[in-house]
Amino acid sequence: MVAGLLAQMAAVMIITARQQSVTVDETVYVGTAAMYLRDHTLTYNYEHPPLTKLAMAAGLSFADIHTDPAFQGDQWTLGRQVLYERGNDAQHLLLLARLPMIGLTLLFGLVVFLFGRDLAGPYGGLVALALYTFSPDVITFGSLGGVDMPTVGFLLTTLWLLWNARGRPYLCLPFAGIALGAALASKMSALPALPIAALLVMLSVWHAGKARRLGRARPVALLGAGAGAAAGVLVIAFGVVWVTYLIVDPHLRWTTPPDLPVIGGFTGQVIDWLPLPESYRDGMRFQFGLEDDSYSAYVFGHRYPEGVWFYMPAALLIKEPLGMLALWLIGAVAMLANRRVRAAAPYVLVPTLALLGVAMTNARSYGVRYVLFVPVILAVAAAAVAIYRNRWVRGVAALLVLAVVVSSVRTFPYYLPYSNEAFGGTSQTYRQLSDSNVDWGQDLQRLSGYLDEKYPGRRVWLLYRGRGVPKYYGIRQANPLKSPVDQVHGVIAVSATCLLSLCRPAGVDGAVAQPAMDELLRTSRQVGDVGHSIFIFERP
């Protein structure tokens, strides 16, 4: 059953990876990975650590990538050039970059199963794995060349190893340090996990010492041993980060960008004190600088001029299958109520709540991917339902798992814009959320196929929100906002994001473009959509 669940997950992720064009952030990651292979430089995308891009580079190493040796430009221009302007096969490069991420996602699935089995036996492990392998968000971000899923997977592995360290500290704690370091080397959002991991190390050492009845000065000795073990785990984690940077550039050549934000106060001092590469710490300054800006948020069909505290919980409520939400709640209650698995709560529930609290303070309300750890870790919490031997409880749990499976299968292969049935399903997600929750530029290749089938040879008016190049996919297009409204007739394709907020082209006044957009939509008839992220209209 484990093999079957992982096999179906691998199949749908590969299909999804082959069908989707480049998403916004992948543009940067693929270009950066190509530069890792060619120049061993840390210059590009320094705001994210290199580990996941090294994994993408491993996939890209099987291609003969043509690049401009004299390239001078930013990371966005670099990605566009590597994918679309140097004669490379963009979809082939994307697949090669995505395959290592798919492999990691499947391996993390084994961790989910083993963690659930450790808590509640084989049945619990299967419940956890089923939720993981049919999670639309896990499938979405596990099949893309991005930094979100690997970071979450390494954090989950850290928690599983720390749980097992209660019985085998000398074996598990070094590997926990490696996993924690891999998370830190994947994305800087893993930094809040450092104090959580340190406390859990001390808890595991305390439990192991109590179980083995070591020494007579119990509290002082165990606290000292726990503090020492925590320091050792952090040293190993920081060492992993250094190794990833040295793999990219053994000489660690780095020049601080001139426009880097200055972070003062206590936060700036902490950044300076961290024993991490200078480029990593500059990446932290870049990220903190972004947090000082103001960003709008779109949730429940309403746009807020600034981020709202409830965005992340609301996005989870909309984006997760209803059966999964129910099993999280039942599993969490079972974990707290039953002595047999209560000891796992600090390793499962507490980190989830703590990291969710940190994410809720994030100024950028861009998508549920910022809290991807919730469906992954709480899949393990759901395994706790298996501790009840009552056939009615197990029957209800099985029905809820089946509901998750049905909801996930129904959205195939459009996992990125998924939302549950309570909010209208996948086709209506754009009415509730925006950005990487529904429209991340992923359907340009699908649009090309749709137009070839429905409107062969015709030019289309296109408002596209993404980093793909329409011409590369054979799409003959023009921007409708660059022409007078009375000259725009025929097929109009509009990204979901452009329906919610004006995608104004450069050089066009917003005061002119918005009325023109409103008039185009008012006088057009919707005739279809592509992937539930690009909507097709006809205007006579």
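The values are calculated or read from the model by the stated rules, or taken from the named source; none is laboratory data. Just so you know, these numbers come straight off a predicted model, no measurement behind them. Positions of Cβ are generated from backbone atoms using ideal geometry, with glycine treated the same way; all protein chains shown enter the neighbour counts.
Just give me the residues in the range 500-540 being among the small types (G, A, S) and in contact with a helix residue (DSSP H, G or I) (Cβ under 6 Å, 6 or more places away or on another chain), in sequence order.
A513, A516, G531, S533
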Inset, instruction - Go through the residues of the range 308-321 one by one and say whether even a single one is surrounded by fewer than 21 Cβ atoms within 10 Å (Cβ to Cβ) and farther than 22 Å from P136 by Cβ. - result: yes
Legend entry - Considering residues of the range 361-377 that are buried (at least 17 other Cβ atoms within 10 Å of the Cβ) and free of Cβ contacts under 8 Å to residues at least 60 places away in the same chain only, the residue nearest to D439 (Cα to Cα): V371
Inset, instruction - Identify, by number, the condition in (1) more than 23 Å from the chain's Cα centre (by Cα); (2) modelled with pLDDT of 95 or more; (3) farther than 29 Å from W242 by Cα that F310 doesn't meet. - result: (1)
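Could you tell me which of the residues S204, S186 is at pLDDT 95 or above and within 28 Å of Q19 (Cβ to Cβ)?
Of S204, S186, the one residue that is at pLDDT 95 or above and within 28 Å of Q19 (Cβ to Cβ) is S186.
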Inset, instruction - Determine whether V235 is under 19 Å from P49 (Cβ atoms), in contact with a helix residue (DSSP H, G or I) (Cβ under 6 Å, 6 or more places away or on another chain), modelled with pLDDT of 95 or more and not in a loop (DSSP other than H, G, I, E, B). - result: no
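Please go through the range 30-44 and pick out each residue that is farther than 17 Å from L99 by Cβ and in a helix (DSSP H, G or I).
Across the range 30-44, the qualifying residues are G31, T32, M35, R38, D39.
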Legend entry - Those residues of the range 347-360 which are polar (S, T, N, Q) and surrounded by fewer than 17 Cβ atoms within 10 Å (Cβ to Cβ), in sequence order: none
Legend entry - Identity of the residue in the range 435-452, modelled with pLDDT of 95 or more and acidic (D, E), that ends up surrounded by the fewest Cβ atoms within 10 Å (Cβ to Cβ): D452
Legend entry - Conditions (1) assigned by TED's automatic domain parsing to the domain that holds S495; (2) of a type in the set (F, W, Y); (3) surrounded by fewer than 16 Cβ atoms within 10 Å (Cβ to Cβ); number of the one not met by W392: (1)
Inset, instruction - Go through the residues of the range 45-66 one by one and say whether even a single one is in contact with a Gly (Cβ under 6 Å, 6 or more places away or on another chain), in a helix (DSSP H, G or I), closer than 30 Å to S533 by Cα and in contact (Cβ under 8 Å) with a residue 40 or more places away in the chain. - result: yes
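In the range 84-125, what count of residues is obtained for those that are aliphatic (A, V, I, L, M) and in contact with a Lys or Arg (Cβ under 8 Å, 6 or more places away or on another chain)? If you could, list the steps in order and put the result at the bottom.
The initial filter retains those residues of the range 84-125 that are aliphatic (A, V, I, L, M), namely 90, 93-97, 99, 101-102, 104, 106-107, 110-112, 114, 119-120.
Okay, now just the ones that are also in contact with a Lys or Arg (Cβ under 8 Å, 6 or more places away or on another chain), so 95.
Looking only at that region, the number is 1.
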Inset, instruction - Give me the pairs, please: first residue somewhere in the range 461-480 and β-branched (V, I, T), second residue anywhere and in a helix (DSSP H, G or I), beta-carbon distance under 6 Å, and either six or more positions apart or on two chains. - result: V469/Y84; I475/S448
Inset, instruction - Kindly establish whether G468 is small (G, A, S), crowded, with 24+ Cβ neighbours inside 10 Å and at pLDDT 95 or above. - result: yes
Inset, instruction - Kindly check whether there is at least one residue in the range 427-434 that is surrounded by fewer than 24 Cβ atoms within 10 Å (Cβ to Cβ), closer than 30 Å to G124 by Cβ and among the hydroxyl-bearing types (S, T, Y). - result: no
Legend entry - Hits in the range 405-422 - residues which are over 17 Å from L372 (Cα atoms), under 20 Å from the mean Cα position of the chain (by Cα) and part of a helix (DSSP H, G or I): T411
Legend entry - Every residue from the range 256-290 that is part of a helix (DSSP H, G or I), under 19 Å from S186 (Cα atoms) and touching a residue at least 24 places away in the same chain (Cβ under 8 Å): E278, S279, Y280, D282, G283, M284, R285, F286, Q287, F288, L290
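Within the range 223-277, which residues are of a type in the set (A, V, I, L, M, F, W, C) and more than 30 Å from M202 (Cα to Cα)? Explain how you work it out, then say what you get.
Narrowing the range 223-277 to residues of a type in the set (A, V, I, L, M, F, W, C): 223, 225, 227, 229-231, 233-238, 240-243, 246-248, 252, 254, 260, 262-263, 266, 270-271, 273-274, 276.
L246, I247, V248, L252, W254, L260, V262, I263 - these are the residues of the range 223-277 that are of a type in the set (A, V, I, L, M, F, W, C) and more than 30 Å from M202 (Cα to Cα).
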Legend entry - Residues within the range 223-242 that are in contact (Cβ under 8 Å) with a residue 60 or more places away in the chain and either out of contact with any Gly (no Cβ under 8 Å at 6 or more places or on another chain) or not assigned by TED's automatic domain parsing to the domain that holds I178 (or both), tallied: 1
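I'd like to check something: does the range 463-479 contain any residue that is assigned to a helix (DSSP H, G or I) and in contact with a strand residue (DSSP E or B) (Cβ under 9 Å, 6 or more places away or on another chain)?
yes
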Inset, instruction - Could you give me the residue pairs with C-beta distances under 7 Å whose first residue belongs to the range 31-43 and is in contact (Cβ under 8 Å) with a residue 24 or more places away in the chain, whose second residue is among the small types (G, A, S) and surrounded by fewer than 16 Cβ atoms within 10 Å (Cβ to Cβ) wherever it lies, and which are 6+ apart or on separate chains? - result: L37/S61
